[in-house]
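Structure record follows, encoded as structure tokens.
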Amino acid sequence: MNLNPGWLLLLLSVSAGVWSVPIDRNGGNQEAKEEVPEESVDTGLYYDRYLREVIEVLETDPHFREKLQTANTEDIKNGRLSKELDLVSHNVRTRLDELKRQEVSRLRMLLKAKLDSTNTQSLQMDHASLLKQFEHLDPHNQNTFEAKDLELLISTATKDLENYDAERHEEFKRYEMLKEHERREYLKGLDQEKREKEEKRLQELKDKHRQHPKVNAPGSVAQLREVWEETDGLDPQEFNPKTFFKLHDTNEDSVLDEQELEALFTKELEKVYDPKNEEDDMMEMEEERLRMREHVMKNVDTNKDRLVSLEEFLKSTEKREFNNPREWETLDTMPVYSEEELQRFEAELRDKEEELKRKAETLRQEQELLKERGKALEAQRREYQQAVLEMSQRQKEQQAPDVQPPAGPNGELQFQPEAPKVEDKEAKAPVEHAAEAPNNMPAEPPQNLPIHT
């Protein structure tokens, strides 16, 4: 299901004051228009997905939706709306319970990853205590979504979104300081001739970036007429603020939210930034867009709800600044940081670099130690293998195996006669010699035979 941005802003409205009275989009007797699915607005919160899923589930309950439509900002902020959670259907409560358990599981994984990255040994991790650092849910009840969870989700989003723009500005400042630091370090590594040549080239790029058409002050009649003519394709002489408002209220909720406002500044930003140009930085373009939106909100959003209603918009066109605004100063004409801030930033970088070097050296030493241990284990393994082989050989030698007679070509056994003994040879010798006597020698007469006369 696509999340209605109006609904998202309504529950987030309490966080950034973004709340508006529900509007009948059918316009009375007018034919109902098919709603076009809107892209979800990125809140930038680390629990953004959990927040959106909770809103999607609550949106399915008719009772809670009806109460929300009749509630005012104070009812939401002071927690009275959260109590209506007890009256939603069982199916909705079950789904909310599951969402909370999933979020708790996700936070536990984040905590474990954080502890692992800092080499913190904690065999007995107290998740309940660690979860207290997350303020958008009740850490004492990790299984069910209760009214307190909705109240904490709203109040935490309020605080976080109020600081979101300031954090974006600080992030951009650090980005710019890092760019300058890298530029200086790069130039230090060049010889004088190359350094002078590179400095000249960089200065030419900077000068080229500044050569852009005049940028109209955001929210001024000149800026809106330009959008009216070039984006909407209408005659600038027929500019009508009310018609302009309705044209750019893309979701037809009778207010211009921050995203709808920022879309109005695209033509002005294109005068200064082109992604094809080397001298144009797209990060700077987004910072410029944020500055423009803040400028309009400051001058037009009189009730500070981070939305511009039709009434507020029409009143802003009656102000002197609308027709005669001050010239808009782009980022390339104003310093983003001071030299002192840059020096502090570079000192932080050096400290982090030294810390990384120490960690790298520690890892190298641990790697060397592991290699030495590996070599020692390999030597022990070889010694054990040699000892086992020697022991096996000795056992084989001690156990005399039965000698089997040799086998013939067909596998039959062949027996060799035993060698005659010396005594037997001597006894048989006279017989053998007698047998070998020549035939012409007379034989001895046999004994005991009768003699004939």
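Descriptive notes on the structure:
- Theoretical gain in end-to-end length, residue 196 to residue 310 [0.36 nm per residue, Cα-Cα removed]: 35.5 nm
- In this structure the amide hydrogen of residue 328, modeled in the peptide plane, comes within under 5 Å of the amide hydrogens of 217, none closer than 5 places in sequence on its chain.
- Burial order of peptide ranges 381-387, 220-226 (average beta-carbon count within 10 Å, highest first): 220-226, 381-387
- The accessible area of residue 156, taken with all protein chains in place and a 1.4 Å probe, comes to roughly 10 Å².
- R0 of 51 Å, Cβ-Cβ distance residue 148-residue 355: FRET efficiency to nearest 0.05: 0.80
- Here the alpha carbons of the stretch 154-215 define both size measures, Rg and Dmax, at 18.6, 60 Å.
- Summed over all non-identical Cα pairs, the Kirkwood treatment of the stretch 308-406 gives a radius of 23.4 Å.
- Note on residue 390 and residue 286: their simple-model spin labels are 7.0 nm apart, each label 7 Å out from Cα toward Cβ.
- Taking the centroid of alpha carbons for each part, the stretch 265-285 and the stretch 212-245 are 19 Å apart.
- Nearest-0.05 FRET efficiency for residue 179 and residue 302, computed from C-beta distance (R0 30 Å): 0.20
- Extension gain for residue 372-residue 324 works out to 9.6 nm (0.36 nm per residue, less the C-alpha to C-alpha distance).
- Cα coordinate range in the stretch 197-304, projected on the principal axes (Å, largest first): 55, 32, 21
- Measuring between alpha carbons in the structure, the pairs from 100/148; 206/267; 214/315 lying more than 18 angstrom apart are 206/267; 214/315.
- Under 23 Å from the Cα of residue 396 - lysines, other chains or at least 8 residues apart: none
- Working note: Cα atoms of the stretch 340-385, range along each principal axis, descending, whole Å: 67, 7, 5.
- Lysines whose Cα lies under 24 Å from that of residue 200, excluding same-chain neighbours fewer than 8 positions away: 179, 188, 208, 276
- By a 1.4 Å probe calculation restricted to protein chains, residue 109 has an accessible surface near 140 Å², given to the nearest 10.
The values are calculated or read from the model by the stated rules, or taken from the named source; none is laboratory data. Since we're looking at a predicted model, the values are computed, not measured. As a convention, Cβ positions derive from the backbone with ideal geometry for all residues, glycine included, and neighbour counts pool all protein chains shown. For accessibility, only protein heavy atoms count, side chains too; no ligands or nucleic acids. Shrake-Rupley method; radii C 1.70, N 1.55, O 1.52, S 1.80 Å.
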